[in-house]
Structure formats: structure tokens, C-alpha cells
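The values are calculated or read from the model by the stated rules, or taken from the named source; none is laboratory data. What you are looking at is a predicted structure, and each value in this text was computed from that prediction instead of being measured. Neighbour counts run over all protein chains shown; Cβ positions are idealised from the backbone, glycine included. For accessibility, only protein heavy atoms count, side chains too; no ligands or nucleic acids. Shrake-Rupley method; radii C 1.70, N 1.55, O 1.52, S 1.80 Å.
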Amino acid sequence: MYRPGRVALATRSLNPFVVGIFVVVGIVILGVTIGLLVHFLAFAQKPYLYQSNLRITNVEYTRQLESPTSSEYRALSRTIENLMNETFRASYLARQFKRAYVVRIRQGDQGVIATVLLKFHFTGRVSEASMKNRIEQILRRLQNNAGTMIINVSPENVQLIPPATAEDILIRECGSSPELMTLSFERIIQGTQAGAGDWPWQASLQLNNAHHCGAILISNAWLLTAAHCFRTVRDPRQWSVTFGYLLSSPERRVNVRRIIIHPNYISETHENDIALVELNSEVSFTRNIHRICLPAANENIPVGATVYVTGWGSLQPGGSSVNVLRQGAVQIISNADCNAPESYNGLVTSGMICAGRQGGGTDACQGDSGGPLAMADSRQIWSVWGIVSWGYECGLPNKPGVYTYVPFYRDWITQQTGI
Ligand code: 4AZ
């Protein structure tokens with residue numbers, strides 16, 4: 001039955017309510033829009049990266065400077081970075097300046113040329129031309145306040161570069177970590193599962209397409225691994241190498257051309273447990289696939305240093321490999337402690353190094369063999385100090401992992417590969 005009175009009443013009583021809702025929604029939308037606009041125009045900080053080449057004419061280029069892990073390279077990089085940090089922090093761009101990072105040192109016509117990345121956070125709209133101008137001005141100031149160094153900055157050398165270009169520059173150098181790619185220096189290694197690109201030098205050495213060992217990328221064509229991985233099969237045609245943190249969907253698979261096992265490898269004592277693998281075709285470096293640095297022959301890792309072991313090995317002796325790459329923090333143990341009667345009782349020789357946790361726990365295990373024991377230096381450049389080799393079971397107290405000590409074999413690596 002039709003009842004007009006009630007409908008009219010309903011319409012009249014609903015109106016203020018609907019209007020109220022519209023007003024409230026309108027105010028909220030307006031507020032959010034204004035808030036977002038203010039945020040993006042005034043407060044959002046966008047990173048800007050500049051590349052600059054500095055000519056330092058009174059520093060002699062030496063052989064030591066060829067290696068980014070040498071103390072000479074580190075010291076010179078630090079001096080340049082500190083100088084640039086001080087200069088920019090004392091300038092009117094102090095608030096916008098984040099950091100200076102030396103990515104490369106090479107030989108110049110006279111002295112050395114350092115390629116430096118400068119990171120700024122600019123708020124709101126900036127004119128690229130005026131920013132470049134201001135940075136050049138400040139760099140000219142650096143020329144006059146360089147202490148004992150004679151620095152030449154060619155203005156045409158200051159260049160705004162996209163983040164992808166900075167990344168390309170960094171992945172060509174050894175040991176660049178994901179935190180370096182953004183010059184953020186912030187990485188929290190937690191849990192035990194790694195993410196994509198966390199350990200870009202980690203490879204899986206596969207026998208007939210099944211994971212068998214870990215391997216460590218040291219150039220576009222060469223990997224380091226353990227000699228004992230080839231105990232049963234030495235024919236390179238049965239081996240391949242995959243890259244990427246998931247075994248189930250690798251980013252690349254490359255066949256093996258050549259396997260070089262250390263001529264003095266002794267399986268009974270695990271001595272000289274080191275091998276080199278040459279790829280059939282070179283891998284191009286990407287954000288997720290690139291090489292780690294090698295320490296020099298005369299370098300030593302301090303006892304107690306925190307190092308990271310990574311691999312797809314099993315979670316207990318006799319278990320199977322895992323699909324997602326895992327990572328663990330362990331500490332360097334002296335060979336004297338590792339050779340104590342309750343530990344390995346003299347089985348650890350000078351070509352080996354031990355790493356583990358007090359009381360056991362985190363450790364390498366079956367299937368991790370041939371993988372890296374890596375450490376970052378104070379500039380966040382990673383080097384490989386050990387190769388997973390042996391141990392009594394996994395994670396037991398007083399039975400740490402034993403690793404092939406890479407500096408001990410540094411000259412052999414150069415002899416075989418030219419690296
Ligand atoms: C293995 O069987 C193995 N806990 C590797 C490393 C360790 C133990 C066993 C160290 O390949």
C-alpha cells in the first residue's frame with residue numbers, strides 16, 4: 001500500500017545526516033590532500049648522487065693501491081672521504097649533504113685520480129644547474145684546504161648521476177654490498193634467511209643440475225670453492241654454477257669450463273681444501289650477481305672478528321639442502337684455541353681458520369662446503385677470508401666450523417687465474 005506521508009518524513013529526516021557525512025568526508029579529503037602536498041613539496045627528501053673525479057697530484061700510485069682491501073687503499077679513501085665530509089659539513093649545504101664515498105682509485109698522469117660519489121638529500125624542487133654550481137663552488141674550497149694533499153677538481157667533472165648509474169659503478173668494484181648501492185650504510189642482518197642480492201657473490205655449484213656445494217664469485221669468469229667438492233666427479237661437463245638466492249629459480253646458470261684442484265689437497269687431513277672453477281662464459285655483473293674482494297696474502301683477520309657464513313646447506317648433519325639461502329654470524333677463533341684437546345686437538349693447520357659461536361649454535365653444515373666466510377671492512381666492502389671446509393658435525397660446542405684460510409692461498413689464486 002502506498003503511504004506518501006512516511007516517505008516524505010524519511011527524506012526530510014535523512015538530509016542533514018547525509019549532508020553531514022559529505023561535509024566530514026570532504027574535510028578529510030581536503031586535509032589529506034593538503035597534508036600530502038605540503039609533505040611532498042616541503043619535507044620529502046629525495047636522494048641526489050653526484051660523481052666527481054679528484055686529481056691528487058702529490059700522492060704516488062703504488063701497487064698496493066690496486067687492491068681496495070689493502071691498508072693503503074683504505075687509508076687514502078678514508079682521508080679523502082674525511083676531507084670531503086668536513087668540507088661539505090662546514091658549508092651551506094651541510095644539512096643536505098649525507099656522505100662522500102670513494103668508489104675507485106686509479107693511476108693519473110701525475111699522482112692518482114679518485115672517483116668520489118657524493119650523496120645529498122634535497123627537499124622540494126631544486127634546480128639541477130644551481131645545485132651543480134654550488135657543489136662545484138664548495139669543491140673549489142676543498143682544493144685550498146686539502147692539508148698535505150694537492151687536489152685538483154675539474155668543474156666539468158662534477159656530474160649528477162641517476163641511482164642506477166651509481167649502482168653500475170659500484171657493482172664493477174669487488175665486495176659492494178646492498179647497503180653500499182644506496183650509500184645508506186644501514187644493513188641489519190637478522191634471522192637466518194637471506195634476501196635477494198644480500199650475498200651477490202654466493203653461487204651454487206651443481207652436479208648434474210643438483211646443488212652439491214657452495215662457490216664464491218671472484219671475477220666474471222672465476223669462482224673459489226673447496227677441493228673436496230670434486231671428490232667423486234672431476235669432469236667439468238657434469239658441473240654447472242647457478243646464481244641468485246633461491247635454488248628453485250636461479251637468476252643465471254652457467255656451465256663449467258675448467259676445474260683446478262689444489263695439487264696438494266689431501267682428503268684425509270683436509271689440507272689445501274681449495275679449488276678454482278672457470279666458467280664457460282663470463283657472467284655480467286648485476287645488482288644480485290657480483291664479485292667479492294680477496295684479502296692480500298699478508299693480511300690477517302683478527303681473532304674475535306664477526307664474520308658471516310652463507311649457504312644452502314642442511315640444518316643438521318645428514319639433512320638435505322634448503323631452497324632459500326641462509327646466513328649466520330660467527331666469530332673468528334684462534335688456531336691455538338681451535339687446536340685445544342677438547343676442540344680439534346692439533347688437526348687445524350696454518351692454511352685453515354676456525355669460526356663459530358661460544359657454546360655452539362650457528363655453524364656451516366653439509367652442503368655449505370665451498371661457500372664463503374665473509375667480512376665487511378669499516379667502509380662496508382666485503383672480502384672472503386674463508387671457504388667452508390670441514391668440522392665435527394654442526395653447531396656443537398668446542399667443534400666450530402673449519403675453513404680454508406684464503407690469504408694463505410692468495411698467491412696460488414693469482415698464479416692460476418691472474419686475479
Ligand atoms: C660437510 O659435511 C661439512 N660444521 C661442512 C662443514 C661443517 C661440517 C660438515 C662444519 O660438508
Using only the alpha-carbon atoms of the chain as identical scatterers, what base-10 log of I(q)/I(0) does the Debye formula give at q = 0.10, 0.14 Å⁻¹? -0.76, -1.20
Relative contact order, percent, of segment 208-329 when contacts are C-alpha pairs under 8 Å separated by at least 6 residues? 26
Mean residue ellipticity (222 nm) of the chain, computed from DSSP H runs ≥ 4 via -39,500 (n - 2.57), nearest 500: -7500 deg cm²/dmol
Label Asp337 and Asn145 with points 7 Å out from Cα along Cα→Cβ: what is the distance between them in nm? 4.5
Net length gained if the chain between Glu72 and Ser284 were fully extended (0.36 nm per residue, minus Cα distance): 73.4 nm
Roughly how many percent of the accessible protein surface of segment 178-297 is carbon and sulfur, given a 1.4 Å probe and a whole-percent answer? 43
Keeping all protein chains in place and using 1.4 angstrom, which order do Arg63, Arg95, Arg357 fall into by accessible surface area, from largest down? Arg95, Arg63, Arg357
Evaluate the charge dipole of segment 276-356 about its Cα centre and quote only its size in Debye, nearest 20, assuming +1 on the Cβ of each Lys and Arg and -1 on the Cβ of each Asp and Glu. 280
When the dipole is taken about the Cα centre of the chain, and only Lys, Arg (+1) and Asp, Glu (-1) are charged at their Cβ, what size is it in debye, to the nearest 20? 1960
Angle, helix 128-144 long axis vs. longest principal axis of the chain, Cα atoms, 0 to 90°, nearest 10? 50
Using +1 at the C-beta of Lys and Arg and -1 at the C-beta of Asp and Glu, which of Phe243, Ser67, Gly351 has the Cα lying farthest in the positive direction of the dipole of the chain? Phe243
Radius 13 Å from Cβ of Thr414, net charge of other residues (Lys, Arg +1; Asp, Glu -1): 0
Residue-wise HN-Hα coupling along segment 250-260, computed from phi with Karplus coefficients 6.51, -1.76, 1.60 (Hz; x: Gly, Pro): x, 6, 8, 10, 10, 6, 9, 8, 8, 10, 10
Compute the relative contact order of the chain as a whole-number percentage, counting only Cα pairs closer than 8 Å that sit 6 or more residues apart in sequence. 13
Of Trp385, Leu373, Gln415, whose Cα points farthest to the positive end of the dipole of segment 361-419 (charges on the beta-carbon: +1 Lys, Arg; -1 Asp, Glu; origin at the Cα centre)? Gln415
Could you tell me how many degrees, from 0 to 90 and to the nearest 10, lie between the Cα long axis of helix 4-38 and the main elongation axis, the longest principal axis, of the Cα atoms of the chain? 50
Can you give me the relative contact order of segment 98-173 as a percent, contacts being Cα pairs under 8 Å and 6 or more apart? 26
So, taking all protein chains as they sit and a 1.4 Å probe, how much accessible area belongs to Ser91, in Å² rounded to tens? 10
Which cross-chain or sequence-distant (5 or more) residues have an amide H under 5 Å from the amide H of Gln96, H modelled 1.01 Å from N in plane? none
Considering the options Val402, Cys229, Met84, tell which one lies farthest towards the positive end of the dipole of the chain, charges being +1 on Lys and Arg and -1 on Asp and Glu at the Cβ, about the Cα centre. Met84
Nearest 10 degrees, 0 to 90: what angle lies between the long axis of helix 163-172 and the longest principal axis of the chain (Cα atoms)? 0
Could the peptides 207-213, 321-327, 246-252 be put in order, highest first, of the mean number of other beta-carbon atoms found within 10 Å of their residues? 321-327, 207-213, 246-252
Straight-line reach from Lys119: which lysines fall under 29 Å, measuring Cα to Cα and dropping same-chain residues less than 8 apart? Lys46, Lys98, Lys132
How big is segment 280-419 in terms of Cα radius of gyration and Dmax, in angstroms? 15.2, 47
Taking Lys and Arg as +1 and Asp and Glu as -1, residues besides Ser314 with C-beta under 15 Å from its C-beta add up to -2
Could you order Ser281, Ser204 by accessible surface area, starting with the largest, using a probe radius of 1.4 Å? Ser281, Ser204
Work through the residues other than Tyr50 whose Cβ is under 12 Å from its Cβ and net out their charges, Lys, Arg +1 and Asp, Glu -1. +3
